[in-house]
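Undergrad: Next up is a structure, given as structure tokens.
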Amino acid sequence: MKSIVILISGRGSNMEALLAANLPCRIAAVISNKADAKGLETARARGIPTAVVAHAAHASRDVFDTALAAEIDRHQPDLIVLAGFMRILGEAFVRRYQGRMLNIHPSLLPAFPGLHTHRRAIEAGCRIHGCTVHFVTPALDNGPVVIQAAVPVFADDNEETLAARVLVQEHIAYPQAVRWFVEGRLTLAADQRVLLSGERKGAGALLAPAPDASSQ
Ligand code: GAR
């Protein structure tokens, strides 16, 4: 059975969704860069080993990355799962785990990398927004896409209502992506293409606003 390490920085709701999904893998540890991350309590309550590698306690990004890699490597995971891990990781760190590190980002990448994605989607007038699970590459919030979920943006949405609608989909998309990986169905090819065996072709399209019934 494969094992995974989950990295968090805060609330940990994606981590909880992963724990609740009964994935066919061992969750070796949950590691946070912040000692007060709420998700750490949740993991501890479930009997999962936790660790803190505080970025603030390290002199530079490189020193932090090295300490984080050492903590991860103690567990020899097959996959590193970034679940709301809000530190930019250096190129050497990312290359070390190339093809075995996933991230979830709250936008339909390549739109809106970085912060405040929901606000920016509203300001840009997007009718459709969503989330993306991708393999991590050195570019921030970028890399080969594994799965995306789209939601409509309504005229009366604000940042909070839109974030909540996306988060529901994050909690579906991320466990699915991790499941594919630990089942051995998801790999990143040398040419950076995502390979997913047994891929199902969903036929449904999301139109937002919904077209008039007469035009369907
Ligand atoms: C999630 O919405 C996740 O997509 C986002 O942080 C939130 C963490 O929530 N990640 C990023 O913005 C990464 N660039 P959670 O701690 O409840 O899972």
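FYI, it's all coordinate maths here, none of it is from the lab. Being a predicted model, the structure only gives us computed values, none of them experimental. Every residue, glycine among them, receives a Cβ derived from its backbone with ideal geometry; neighbour counts consider all protein chains shown.
Undergrad: Once label points are set 7 Å from the Cα along Cα→Cβ at both E199 and L115, what is their separation, rounded to one decimal in nm?
TA: 3.5
Undergrad: Long-range amide H contacts for L7: which residues qualify at under 5 Å (H placed 1.01 Å from N, peptide plane, sequence gap of 5 or more or a different chain)?
TA: I31, V81, L82, A83
Undergrad: For the chain, what is the charge dipole size about the Cα centre, in debye to the nearest 20, if Lys and Arg each add +1 at the Cβ and Asp and Glu each add -1 at the Cβ?
TA: 520
Undergrad: Can you put D212, D65 in order of Cβ neighbours within 10 angstrom, beginning with the fewest?
TA: Sorted ascending by nearby Cβ count, the order is D212, D65.
Undergrad: If you find the alpha carbon centre of the stretch 1-52 and of the stretch 169-192, how far apart are they in angstrom?
TA: What the calculation gives is 17 Å, centre to centre.
Undergrad: Okay, next question. Using Cβ contacts closer than 10 Å as the measure, can you line up I88, I8, I147 from fewest to most?
TA: By the 10 Å Cβ count, ascending, the order reads I88, I147, I8.
Undergrad: A further question follows. How large is the helix-only mean residue ellipticity at 222 nm for the chain, computed as the sum of -39500 (n - 2.57) over DSSP H runs with n ≥ 4, divided by its residue count, in deg cm²/dmol to the nearest 500?
TA: My calculation for the chain gives -9000 deg cm²/dmol from helical runs alone.
Undergrad: Which shape class, rounded, prolate or oblate, goes with the chain when its Cα gyration tensor gives a ≥ b ≥ c as root eigenvalues, a/c under 1.5 marks rounded, and past that a/b bigger than b/c marks prolate?
TA: Because a/c hits 1.5 or more and a/b exceeds b/c, the chain counts as prolate.
Undergrad: I would also like to ask the following. Considering only DSSP beta bridges with both partners in the chain, what is the antiparallel share in %, to the nearest 5?
TA: For the chain, the DSSP antiparallel bridge percentage is about 45.
Undergrad: Please name which of G90, A43, A173 has its Cα lying farthest along the dipole of the chain towards the positive end, using unit charges on Cβ (Lys, Arg +1; Asp, Glu -1) and the Cα centre as origin.
TA: Final value for the positive-end residue is A43.
Undergrad: Pop a pseudo-label 7 angstrom from the Cα along the beta-carbon direction at both I172 and F154 and give the gap in nm to one decimal.
TA: Reported label-point gap for I172 and F154 is 1.7 nm.
Undergrad: Give the order of H118, H55 when sorted by the count of other beta carbons within 10 angstrom, beginning with the fewest.
TA: H55, H118
Undergrad: Skipping prolines and chain starts, which residues have an amide H placed within reach, meaning under 5 Å, of the one on V151, given they are 5 or more residues away or on another chain?
TA: So V151 has HN proximity to H129, G130.
Undergrad: Size of the dipole of the stretch 73-147 about the Cα centre, Lys and Arg at +1 and Asp and Glu at -1 on the beta carbon, nothing else charged, in debye to 20?
TA: Roughly 60 debye for the stretch 73-147.
Undergrad: Report Rg (one decimal) and Dmax (nearest whole number) for the stretch 135-216, counting Cα atoms only, units Å.
TA: 16.1, 48
Undergrad: Right, another one. Quick one: angle between helix 61-73 and the longest Cα principal axis of the chain, in degrees between 0 and 90, rounded to 10, please.
TA: 80
Undergrad: Any chance you could get the radius of gyration and Dmax over the Cα atoms of the stretch 1-40, in Å?
TA: 10.2, 31
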